[in-house]
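Below is one structure, written out as structure tokens; comments come after it.
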Amino acid sequence: MDKSIKLSLDGKVYTATLNDNRTVEDLLTMLPLELTLKRYAGHEYYGILSQKPSITGVPMTSDAHAGGIYYFDGWSAFTVLYGDAHIAPYEVVYIGDVNEDVIEQLAASGSAVKAKIEVNP
């Protein structure tokens, strides 16, 4: 069964298809969440989670793509990218992808966006 979430960014609703890994399983138990996502490094918005999902045994990557959702354990950060990024030596867990075009909205947004993350029924 596909795992999915509803992701609202400044009131605009998107859906995202999630990968099947332990980090995603832990993240789903934290929902619903409301976060302020801050613009960072010219390619992403991130928000700090109050709990750290497990990354044990989960594949990590240094290559992140626009429209992707990632988790960075170093900051306990839920991240949505609007630009491709090679972030070595850092690594992130690839959580999944936003199904609709989120890139244009995020690229045009200011220093922060309000995010609401819920299980997609």
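The values are calculated or read from the model by the stated rules, or taken from the named source; none is laboratory data. Bear in mind the structure is a predicted one, so any value in this text is a computation, not a measurement. Cβ coordinates were reconstructed from backbone atoms using ideal geometry, including for glycine residues, and neighbour counts include every protein chain displayed.
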If a residue has to be outside any helix (DSSP H, G or I) and either surrounded by 14 or more Cβ atoms within 10 Å (Cβ to Cβ) or not charged (D, E, K, R) (or both) to count, how many in region 11-37 make the cut? 16
Six or more apart or on different chains, Cβ atoms under 6 Å: show the pairs whose first residue is in region 48-77 and part of a loop (DSSP other than H, G, I, E, B) and whose second is of a type in the set (Lys, Arg) and modelled with pLDDT of 95 or more. 54/22; 58/22; 76/52
Scope region 82-110; condition crowded, with 17+ Cβ neighbours inside 10 Å, in a strand (DSSP E or B) and without any contact (Cβ under 8 Å) to a residue 60 or more places away in the chain; matching residues: 85, 92
Checking the conditions here, which among 5, 55 is surrounded by 19 or more Cβ atoms within 10 Å (Cβ to Cβ) and of a type in the set (A, V, I, L, M, F, W, C)? 5
